[in-house]
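Reading through the structure tokens given below for one structure.
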Amino acid sequence: MSLPGYQKAASFSEIPDGGTIEVEVGPLPLLLHRRGEKVFATGVYCPHQDFRLYPSNCSGDTILCTAHGYRMNIQTGACQDEPDLFMATYATRVENGEVWVKLY
Ligand code: FES
């Protein structure tokens with residue numbers, strides 16, 4: 001099965017509830033954050049100065065960039081410390097136990 005415009009990113013069961021994993025979809029590294037039955041997809045680079053973001057720095061709906069301490073919301077991409085900055089976010093769907101991400 002395929003979903004038009006979406007690419008398969010992971011199996012839903014790979015992501016612990018409340019957890020974050022890193023995957024690659026095509027050439028693009030992504031973070032997948034599972035919160036209950038929902039999965040949110042974000043980029044792996046901080047919108048401040050493009051430092052790498054890591055799954056281990058995610059807690060609740062917030063991911064912390066350890067470079068300068070900025071915090072981003074995994075659902076909206078909004079940066080709590082600099083309102084003009086947004087982390088990349090991607091639409092997701094969960095179908096038949098698979099997580100699909102719309103990259104463009
Ligand atoms: S690069 Fe992430 S807070 Fe500065």
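The values are calculated or read from the model by the stated rules, or taken from the named source; none is laboratory data. In this text, all values refer to a predicted model and were calculated from it rather than measured experimentally. Here the Cβ positions follow ideal geometry from the backbone for every residue, glycine too, while neighbour counts run over all protein chains shown. In case anyone asks, the SASA skips ligands and DNA or RNA and just uses the protein heavy atoms, side chains included. Shrake-Rupley method; radii C 1.70, N 1.55, O 1.52, S 1.80 Å.
Local charge for Y6 was computed over the other residues whose Cβ lies under 15 Å away, with Lys and Arg +1 and Asp and Glu -1, and equals +1. Residues whose amide H comes within less than 5 Å of that of A9, counting only those at least five positions distant or on another chain, are V99, W100, V101 (H built at 1.01 Å from N in the peptide plane).
Database note for the chain: Cys without another Cys beta carbon under 4.7 angstrom, C58, C79. Heavy-atom surface analysis with a 1.4 Å probe gives the chain a carbon and sulfur content of 47 percent of its accessible area. The coefficient of translational diffusion for the chain, derived via Stokes-Einstein from the alpha carbon Kirkwood radius under 4 °C and 1.567 mPa s, stands at 95 µm²/s. Rolling a 1.4 Å probe over the heavy atoms of the protein chains gives the stretch 1-76 an accessible area of 52 Å² per residue. Shown in residue order for the stretch 62-69 are the 3J(HN,Hα) couplings computed by the Karplus curve 6.51 cos²θ - 1.76 cosθ + 1.60 at θ = phi - 60°: 10, 10, 9, 8, 7, 5, 9, x Hz (x for Gly and Pro).
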